[in-house]
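For reference, the structure is listed below as structure tokens.
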Amino acid sequence: MQETDKKQHIKIHGVGLDKEGRCKHYHTSLDIAALLCAQCRKYYACYSCHDEIEDHPFAATAPEEEYPVLCGNCRRKLTRKEYKQGSCPYCHAGFNPRCSLHENIYFSCGE
């Protein structure tokens, strides 16, 4: 995929969102990573937002998922490896390190 294909205006779904994808559940300056639900294929601010809106529980993405994360600051799709670096490799916005507490919700095992 070319670099220009990775930056698109992709909608972040959630409840009470600001322009960078912070929601009513997680709204610190670092809560700008949106995660892809493997079932509905939509990027959500968090699993709680997803579960409030959709009729199915959030489904973790498989290790093979090419771009399971979306930076809310620059709207570029990120690989799991890029996301785990702790900040966006494109705009350098930091991500909340406490999101790792929910890693099993967002990403299935077997990396």
From the residues in segment 49-80 that are of a type outside the set (A, V, I, L, M, F, W, C) and free of Cβ contacts under 8 Å to residues at least 24 places away in the same chain, which one is farthest from Leu35 (Cα to Cα)? Asp55
Out of (1) in a loop (DSSP other than H, G, I, E, B); (2) free of Cβ contacts under 8 Å to residues at least 60 places away in the same chain, what's the single condition that is false for Tyr83? (1)
With criteria (1) buried (at least 18 other Cβ atoms within 10 Å of the Cβ); (2) aromatic (Phe, Trp, Tyr); (3) part of a loop (DSSP other than H, G, I, E, B), Tyr90 comes up short on (1)
Might you check whether a residue that is in contact with a Gly (Cβ under 6 Å, 6 or more places away or on another chain), open to solvent by 40 Å² or more (accessible area, probe 1.4 Å) and farther than 16 Å from Glu20 by Cα occurs anywhere in segment 93-108? no
Which count do you get for residues in segment 42-57 that are assigned to a loop (DSSP other than H, G, I, E, B) and surrounded by fewer than 22 Cβ atoms within 10 Å (Cβ to Cβ)? 5
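Check segment 66-78 and report whether any residue there is open to solvent by 30 Å² or more (accessible area, probe 1.4 Å) and hydroxyl-bearing (Ser, Thr, Tyr).
So the first thing to find is which residues in segment 66-78 are open to solvent by 30 Å² or more (accessible area, probe 1.4 Å), and the list is 66, 73, 75-77.
Narrowing the set further to residues that are hydroxyl-bearing (Ser, Thr, Tyr) leaves none.
No, the conditions are met nowhere in segment 66-78.
Can you tell me which residue within segment 29-41, out of those that are assigned to a loop (DSSP other than H, G, I, E, B) and open to solvent by less than 70 Å² (accessible area, probe 1.4 Å), is farthest from Arg98 (Cα to Cα)? If you could, list the steps in order and put the result at the bottom.
Restricting attention to segment 29-41, the residues satisfying the condition of being assigned to a loop (DSSP other than H, G, I, E, B) are 29-32, 37-41.
With open to solvent by less than 70 Å² (accessible area, probe 1.4 Å) added as a condition, the list becomes 30-32, 37-38, 40.
Numbers: Leu30: 10, Asp31: 10, Ile32: 12, Cys37: 19, Ala38: 22, Cys40: 25 Å.
Among them, the one singled out is Cys40.
The values are calculated or read from the model by the stated rules, or taken from the named source; none is laboratory data. Treat the numbers as computed from the prediction; the structure is a model and nothing was measured. Reconstructed Cβ throughout: ideal geometry from the backbone, glycine too, with neighbour counts over all protein chains shown. For accessibility, only protein heavy atoms count, side chains too; no ligands or nucleic acids. Shrake-Rupley method; radii C 1.70, N 1.55, O 1.52, S 1.80 Å.
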